[in-house]
Amino acid sequence: MRHALLALLLIGCNPHDVEITDGAWTAWLGAGSSSTILSSEIKGLDRNSARIYECTGRTYDPAKERFENNYIGPTTAEESAQPDRIGGGCYGAVEVTLDRDGNLQYEEADDGSQRIKWTAREVEGSDPDAPEYYMPEYCGDPTKNTTDDLNTVIQAEVDECAELLISQSWVNKLDDDSYYSLNADMDAWRSEAIMTGEGGLQLTMHQDINGADLHFSFTINPEFAPVRCVSTGDGTAEALPVDDADWLEKWSEDESGYKIYYLNAYGFQDIDPEPDSQVGYSNVTDWSSGYGYANLEGEEFIVDSPTYGDFQLYTGVDIDRDLVADPPAPYDGSDASIQRLYDETIAVTWDLIRGESHDAVEIAGAYEGDIADPSWIYSVKLEDNKWRPIDATRAGFDGWTEVHRSWVRIKNGSKMEKDGQVEGDFQMVLAGRQSGSQFIFHGSFKVDRIREDKWAYDFLEDELRNKEGWGEKFCE
């Protein structure tokens, strides 16, 4: 009996509210910035259990007779040739040749192939007639870099890193840190589905990574519907939808049987891309439909904010606001020149999306299975906002495109309430709060019964609004 009670207690302490199907995660843990890596929290993590990215410029230090701190790249020519080793000490020991515009310079080898030009980096103060180099032994002789005698080890690492860093649109800063890239199917040992005190649906999953606990969660607002107070002209006001439409319905028009909630908390508009520009408009709380979070042994991650772009940022030409109709009109009621600029913006944004998706999969390893025939687990979504009335102010989202990397989709017919059932799927891209590490999570889920947060309390804002003498209800 005692053992049976103990088993029941253990089951109660480890709920399994969420059934995950087709779930997987991919991690990039920064060798020099991840507290999880630096404190060796993940047991058994070695150079044979992860994909390695070493394009930081770290290499062998002849003065110290060792590789530089946080170097995790190959140490032999055989390791360098392995497909799961990207870059290494050879790349760090050379200077890649660029033109004045920062473009890579190429030369033709004997076999007709194009290779990136480079020169070996000499040790300061070495004999000019017999120079020394910052060059690991496995790289070979750095003087053998002519079209007649190609140094294949050095060249391979240069090709891997230089083209990757020049072209990358992926969010990893692969020149700032080395990375261990890991991925696996989702196998949560604990999961919870609750309705929070604020009325949000929150799903949390715990995943074991070689003895380290990774838990990640998302929270969405089932009643998400941004409204604004509009004067009726008789001294009262009424609450009307922002931009005169239901945002969830507009977002979900192409989601076929699902309603989509973007994890857009902390989103902001980058009005001017110049470094000294003023801070753009931030999403107010009422415009945030969801939030994502993860924690790996104390290393915190928050969901990447959406990318917002306007005409000026993408095409170099701003909307002529003097041409905007008064009262505000939607895209198809605007001036033809505005429609043309808007279409150009959307086309450019789609190109950026395709490039980012490709880099995430081919470069950053966001795939399952054989890289030669990968199953993609990373995608992006574009909202063109054509349905929003274009007005004469820059606040709001009219005239902007939105690129989203994190969202939750809820299947039609789900009941997001206490004791309700819910099905859906999700993708989350999260970045380390104090590290260069990143995660991608994706999968489908099913919850047979949503529990109520037993620690919930009344939402203070609503409580004060409804309390006599303290305030008034919204728009009344």
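Quick one: in the stretch 56-177, what % of C-alpha pairs are over 18 Å apart?
On the way: 3895 of 7381 pairs.
That fraction is 53 percent.
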> How much net charge surrounds residue 241 when only other residues with a Cβ under 12 Å from its Cβ are counted (Lys, Arg +1; Asp, Glu -1)?
Replying inline: -3
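Can you put 345, 143 in order, fewest other beta carbons within 10 Å first?
Values: 345 23, 143 11.
The most exposed by this proxy come first: 143, 345.
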>> How much length would be gained if the chain were fully extended between residue 152 and residue 240, taking 0.36 nm per residue of separation minus their Cα-Cα distance, in nm to one decimal?
In response: 25.1 nm
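Report the gain in length on full extension from residue 68 to residue 268: 0.36 nm times residue separation, minus Cα-Cα distance, nm rounded to one decimal. Don't skip to the answer; put the middle values down first.
Working: separation 200, 0.36 × 200 = 72.00 nm, distance 3.83 nm.
The residue 68-residue 268 span can extend by a further 68.2 nm.
In what sequence do 91, 60 fall when counting other Cβ within 10 Å, fewest first? Numbers along the way, then the final one.
On the way: 91 29, 60 22.
So the residues, fewest neighbours to most, are 60, 91.
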> What spacing in nm lies between the two simple spin-label points modelled at residue 375 and residue 337, each 7 Å away from Cα in the Cβ direction?
Replying inline: 5.2 nm
> For the stretch 8-127, what are the per-bin percents of Cα-Cα distances with bins 10 Å wide, up to the bin holding the maximum?
Replying inline: 10, 27, 29, 17, 9, 5, 3, 0
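Using the beta-carbon distance between residue 229 and residue 49 and R0 = 35 Å, what value does 1/(1 + (r/R0)^6) give for FRET efficiency, to the nearest 0.05?
The computed FRET efficiency comes out at 0.05.
State the extension gain, in nm to one decimal, for the chain segment bounded by residue 475 and residue 358, taking 0.36 nm per residue of separation less the distance between their alpha-carbons.
Numbers: separation 117, 0.36 × 117 = 42.12 nm, distance 4.70 nm.
Full-extension gain reported as 37.4 nm.
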> What ranking, highest mean first, results for peptides 185-193, 108-116, 260-268 when packing means the other Cβ atoms within 10 Å averaged over each residue?
Replying inline: 260-268, 185-193, 108-116
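Per-residue counts of other Cβ atoms within 10 Å, averaged by peptide: what ranking do you get for 444-455, 65-76, highest first?
On the way: 444-455: 15.2, 65-76: 17.1.
Per-residue mean Cβ counts within 10 Å order the peptides as 65-76, 444-455.
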> So how do 123-131, 96-104 stack up, highest first, on mean other-Cβ count within 10 Å?
Replying inline: 96-104, 123-131
> In nm, to one decimal, how far is the modelled label at residue 176 from the one at residue 198, with both set 7 Å along Cα→Cβ?
Replying inline: 2.7 nm
> With each label point set 7 Å from Cα along the Cα-Cβ vector, what nm distance links residue 101 and residue 448?
Replying inline: 6.3 nm
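Would you list 139, 55 from fewest to most Cβ contacts within 10 Å?
Numbers: 139 27, 55 24.
Listing 139, 55 from fewest to most nearby Cβ atoms yields 55, 139.
Readers should treat all values here as calculations from the given coordinates under stated rules, not as data from a laboratory. Quantities reported herein were computed from a predicted structural model and do not represent experimental measurements. Note that we place each Cβ from the backbone using ideal geometry, even for glycine, and neighbour counts take in every protein chain shown.
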